[in-house]
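The values are calculated or read from the model by the stated rules, or taken from the named source; none is laboratory data. Quantities reported herein were computed from a predicted structural model and do not represent experimental measurements. No Cβ is skipped: glycine too gets one built from the backbone with ideal geometry, and neighbour counts run over all protein chains shown. Heavy atoms of the whole protein, side chains included, go into the accessibility calculation; ligands, DNA and RNA do not. Shrake-Rupley method; radii C 1.70, N 1.55, O 1.52, S 1.80 Å.
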Amino acid sequence: MSGTFVGMPTFPTAAKAALDNAQQRKNLHHATHTIRDKRARVVGEVDDWEELRVAGAAIKDEVLTHLDDYLVQLEESLTRAGATVHWARDADEANRIVTGLVKAKGTDEVVKVKSMATQEIGLNEALEEAGIHAWETDLAELIVQLGHDKPSHILVPAIHRNRAEIKEIFEREMGKVGQPAPAGLTSEPRALAEAARVHLREKFLRAKVAISGANFAVAETGTLVVVESEGNGRMCLTLPETLISVVGIEKVLPAAADLEVFLQLLPRSSTGERMNPYTSTWTGITPGDGPQEVHVVLLDNGRTDALADTVGRQALRCIRCSACLNVCPVYERVGGHAYGSVYPGPIGAVLNPLIRGTESAVDKSLPYASSLCGACFDACPVRIDIPELLVHLRTRVVDEKRGGLPSGEELAMKGAAWMFSDAKRWERVQRGAELGGRVLKKKETLGRIPGVAAWSDARDAPTPPTETFRSWWKKEHEKGEHA
Ligand code: SF4
């Protein structure tokens, strides 16, 4: 299964490296705080926000409980509207289907709407291997692609870059793959957006095939929905002759009326806007208007595994708004790359292990990438209890490890349990600690403790006191009795 950035270290290792990048921390702090403040303002305007959250969660739960029925209904509706439906069990199958469809059109390039599902399956890389260039048309995705970089945020993939860095990327890279950046480009947002607009325009006008994802897929009508802010999605969805949409099977909504809830929840939670600038809907083929060949690839890629986990399945409610990332103190400091996936932040810490499994070292480490502060749950528009899922997945990781040689942590915990389970024993240990405290009294902290080095390296464990509270109490009490 695709989805892990190749050669990715575990979260703690990657996070440590990211924390050393002061510029990135500054960029992230500025960006996440700006978006979270905007979100708080527009969410505060809605009197029935909590009711909307409850409704969003209930609609998604209804879909997840009857996913088999809704998917069959979606397939029937799409087929009736003239689209061709393909089913993909995993990333390889989805990539094979899409590559085959593009090749059949006799073209060696496609334009793409920003799509998490296609990033998840590594579609661009698969197309490149087949000699097909995939041009990202979302501004932030374009920055990531031109910079030979990885996305670090669900909504703002280039959040780790500032304007000066973006200008430098445009000047260096645009000319290598098309219209170069204009001479005298500045780092003003308007100038950067204009450079991207001119660069992309020729690609939009030339492309025969476009690839998209979908935010929602309405089972009742076979309508796919993409929401975006720049208009690049609208260009991709209307200009090319052929449109291929890769859609995760959890994106289904029962009826068009359900959009009423999600089109309020999503823009306020993601960009902090009352409504999103572009909402594109398409239902199969309309003769003489837009793409005349429409393919929809319904993607599983681990989603049914997540669905089988009765606690974990709530993660499939996710509408990829990224509100949980913007409020997460861990994400704010380490950024998205440390999570080793296109799904970073709190939702990535649970979704990746749920859909990819907990076999790899990266996926085992992700449920620990959180302080369990609960800010993600409060921000989530579909009420995914991410802290509950983190604890659930930590339990799974620990349970999977049981039975082999005990780790240093396990031995330390067993030792602690033995020590605390008997008052006399605990007293003897304290007397030993007092002795240790007297020997080490010149040191403020214990430094690295063999056996639990991973724990002690991240904390300042103080040297034991030269006198414990019990000893002091006993002494004072005895003094009082003799007075
Ligand atoms: S988990 Fe909730 S807050 Fe996070 S991206 Fe998904 S819907 Fe948004």
Helices (runs of 4 or more DSSP H) fully within region 217-333 counting 3 or more residues that are open to solvent by 10 Å² or more (accessible area, probe 1.4 Å) and either acidic (Asp, Glu) or in contact with a helix residue (DSSP H, G or I) (Cβ under 9 Å, 6 or more places away or on another chain) (or both): 259-270, 303-308
Residues being open to solvent by 70 Å² or more (accessible area, probe 1.4 Å) and either of a type in the set (Phe, Trp, Tyr) or not in a helix (DSSP H, G or I) (or both) - total across region 377-403: 3
Any hit, region 253-262, residues being farther than 26 Å from residue 85 by Cα, within 16 Å of the ligand (Cβ to nearest atom) and either modelled with pLDDT of 95 or more or among the hydroxyl-bearing types (Ser, Thr, Tyr) (or both): yes
Scope region 343-354; condition away from the ligand (no atom under 12 Å from the Cβ) and in contact (Cβ under 8 Å) with a residue 60 or more places away in the chain; matching residues: 352
Output for region 372-408, where each listed residue is more than 16 Å from the ligand (Cβ to nearest atom) and among the charged types (D, E, K, R): 394, 396, 399, 400, 401, 402
Test: residue 357 is away from the ligand (no atom under 16 Å from the Cβ), surrounded by fewer than 18 Cβ atoms within 10 Å (Cβ to Cβ) and within 21 Å of residue 247 (Cα to Cα): yes
Residue within region 369-382 that is in contact (Cβ under 8 Å) with a residue 40 or more places away in the chain, of a type in the set (S, T, N, Q) and out of contact with any Ser or Thr (no Cβ under 6 Å at 6 or more places or on another chain) present: yes
Qualifying residue in region 78-91 (condition: within 23 Å of residue 302 (Cβ to Cβ), small (Gly, Ala, Ser) and touching a Leu at 6+ places or on another chain (Cβ under 9 Å)): yes
